[in-house]
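What follows is one structure encoded as structure tokens, with my remarks underneath.
The values are calculated or read from the model by the stated rules, or taken from the named source; none is laboratory data. Please read all numbers here as calculations on a predicted model, not as lab measurements. Because the Cβ atoms are built from the backbone with ideal geometry, glycine has one as well, and the counts that use them run over all protein chains shown.
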Amino acid sequence: MLKNIGARIRQIRKEKKLTLVEIAERTGVAQATLSRIETGGMIGTVESHEKIAEALGIGLAELYAGLDSRYEQLCHTREAARKITPHGRNLQIELLTTESSKKKITPLLMTLQPESRTAFEHCERGVEKFFYVLDGEAKITVEKEDFYLKTGETLYLDASLSHQIANEKSRPLKILAAVSPSKI
């Protein structure tokens, strides 16, 4: 992951029109060490990377951007950008992230109106679902077994089993659902 850190440091340093001498003065890291890091002769330490990033006027995450593919998976979605899909008049499903087809998990907020239920569904083998009751009480039927979940309770299941969510109460039910792999 860090084998290209030197090239990244050199690129940013040159964009900011800074010399190795200036970076060495700002960081306390020897100029020769900085040169070896930039040319790939050594990687350096996280501590030296933090000092270099600060001297370049950026954060460590920005310095590592593009080097660590985990940062490419970060996805901050504002409430206004989320997609809400009504499924009939009793169920609303809100997709809590963008580009769900590129994700390993699809997070959903499900709102089920009072005294209603979803249709029974089942997914292909290998798909798993996790439900967390945010508000209300849910009756989740898996095959022929009923599970009664109150606020704060969870259920994890193999989604190839036939399952249904019911709200038998007089107020809306809110459930956080996570589906993996990403299947809606």
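At-a-glance table
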read-out: The one condition in (1) surrounded by 17 or more Cβ atoms within 10 Å (Cβ to Cβ); (2) farther than 30 Å from LEU173 by Cα; (3) modelled with pLDDT of 85 or more that ALA32 fails to fulfil; value: (1)
read-out: Test result for LEU96, within 30 Å of ALA119 (Cα to Cα), among the aliphatic types (A, V, I, L, M) and either in the same structural domain as PRO107 (by TED's automatic domain parsing) or modelled with pLDDT of 90 or more (or both); value: yes
read-out: Filter pass, LYS150 being free of Cβ contacts under 8 Å to residues at least 40 places away in the same chain, more than 29 Å from CYS75 (Cβ to Cβ) and basic (Lys, Arg); value: yes
read-out: Which numbered condition SER101 misses (of (1) in a strand (DSSP E or B); (2) out of contact with any strand residue (DSSP E or B) (no Cβ under 9 Å at 6 or more places or on another chain); (3) among the small types (Gly, Ala, Ser)); value: (1)
read-out: Test: residue in the stretch 114-130 that is of a type in the set (Ser, Thr, Tyr) and modelled with pLDDT under 95; value: no
read-out: Inter-residue pairs, beta-carbon under 8 Å, first assigned by TED's automatic domain parsing to the domain that holds SER170 and aliphatic (A, V, I, L, M) and in the stretch 124-147, second crowded, with 17+ Cβ neighbours inside 10 Å and part of a loop (DSSP other than H, G, I, E, B), 6+ apart; value: VAL127/ALA159
